[in-house]
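A short worksheet on the structure shown next.
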Amino acid sequence: LFLDVGATPPASGTGIYRNNIVRGGVCSTRYVVRENNPGADPRIFENNDLDPTGTPLALYVNEGASSLNTAAAVNTLTDMIVSGVISTDALFVNYPLDAHLTAGSPCIGAGTAAGAPATDLDGQPRTPPLDIGPDEFGP
């Protein structure tokens, strides 16, 4: 996830990121989330899984300079509203072909209902405690 701003950065963070599973790409310089420069902060960053699969160089690059390599470090950022960030393999059924979670996924029950859609990718209702990711685990 690459965050950037134009020539005139906003006065405060922009964008709300909740309940996402973000995995670094396959580039040689791989980050899970990168704020390209100061001012490219999200406004809210909650209950996201920064999946370390593939051994990225950093889980989160803050202000284009500081590499954060643990979820605990991301959860301490003060220039945005941040909480509930985890860093673990989401345990998909068959990534990238099947984004359903398997039993035992640490994303199950780790999401937030704030701003969540009423249904998941299969059209099933999302009921608390919500899961991180596009699918609610279960039948």
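Where in the range 31-139 are there GluC sites (Glu not before Pro) that are in a DSSP coil and have at most 15 other Cβ atoms within 10 angstrom of their Cβ? Don't skip to the answer; put the middle values down first.
Working: sites: E35, E46, E63, E136; in loops: E63, E136.
Here the sparse-neighbourhood loop sites are E63.
Which residue, I86, V74, P38, has the largest displacement toward the positive end of the dipole of the chain when charges sit on each Cβ (Lys, Arg +1; Asp, Glu -1)?
Final value for the positive-end residue is P38.
What is the chain's relative contact order, in percent, from Cα pairs under 8 angstrom and six or more apart in sequence? Don't skip to the end; give the middle numbers.
Numbers: 325 pairs, mean separation 29.3, N = 139.
It rounds to 21 percent for the chain.
Using the Cβ atoms and a cut-off under 12 Å, what net charge is assigned to the surroundings of A113, where Lys and Arg are +1 and Asp and Glu are -1? Before the final figure, lay out the partial values.
Details: positive: R18, R126; negative: E46, D131, E136.
Net charge in that neighbourhood comes out at -1.
Skip the ligands, DNA and RNA, and give the accessible area per residue of the chain with a 1.4 Å probe, whole Å².
Details: 6990 Å² over 139 residues.
With the other protein chains kept in place, the chain gives 50 Å² per residue.
With unit charges on the beta carbon (Lys/Arg positive, Asp/Glu negative), name the residue among A116, C27, S105 whose Cα is farthest towards the positive pole of the charge dipole of the chain.
Checked the options; the winner is C27.
What is the dipole size for the chain, taken about its Cα centre, with +1 at each Lys and Arg Cβ and -1 at each Asp and Glu Cβ, in debye to the nearest 20? Mind dumping the intermediate values first?
Numbers: 6 positive and 15 negative charges, 42 e Å.
Roughly 200 debye, rounded to the nearest 20.
Between I81 and N69, 0.36 nm times their residue separation minus their Cα-Cα distance comes to what? Kindly include the intermediate steps, with their values, before the conclusion.
Details: separation 12, 0.36 × 12 = 4.32 nm, distance 1.87 nm.
Between I81 and N69, full extension yields an extra 2.5 nm.
What dipole magnitude, in Debye to the nearest 20, does the range 69-139 give about its Cα centre under +1 on Lys/Arg Cβ and -1 on Asp/Glu Cβ? Write out the running numbers ahead of the final one.
Working: 1 positive and 8 negative charges, 35 e Å.
For the range 69-139, the charge dipole is close to 160 debye.
Compute for the range 25-88: radius of gyration divided by Kirkwood radius, i.e. Rg/Rh, restricted to C-alpha atoms, rounded to two decimals.
On the way: Rg = 11.0 Å, Rh = 11.7 Å.
Rounded to two decimals, Rg/Rh equals 0.93.
Quote to one decimal, in nm, the extra length available between V26 and A114 on full extension: 0.36 nm per residue of separation minus the C-alpha distance between them.
Working: separation 88, 0.36 × 88 = 31.68 nm, distance 3.13 nm.
Full-extension gain reported as 28.5 nm.
The values are calculated or read from the model by the stated rules, or taken from the named source; none is laboratory data. Note that the structure is predicted; figures quoted are calculated from it, not measured. Please note: Cβ atoms are built from the backbone with ideal geometry, for glycine as well, and neighbour counts cover all protein chains shown. Side chains included, ligands, DNA and RNA excluded: accessible areas come from the protein's heavy atoms. Shrake-Rupley method; radii C 1.70, N 1.55, O 1.52, S 1.80 Å.
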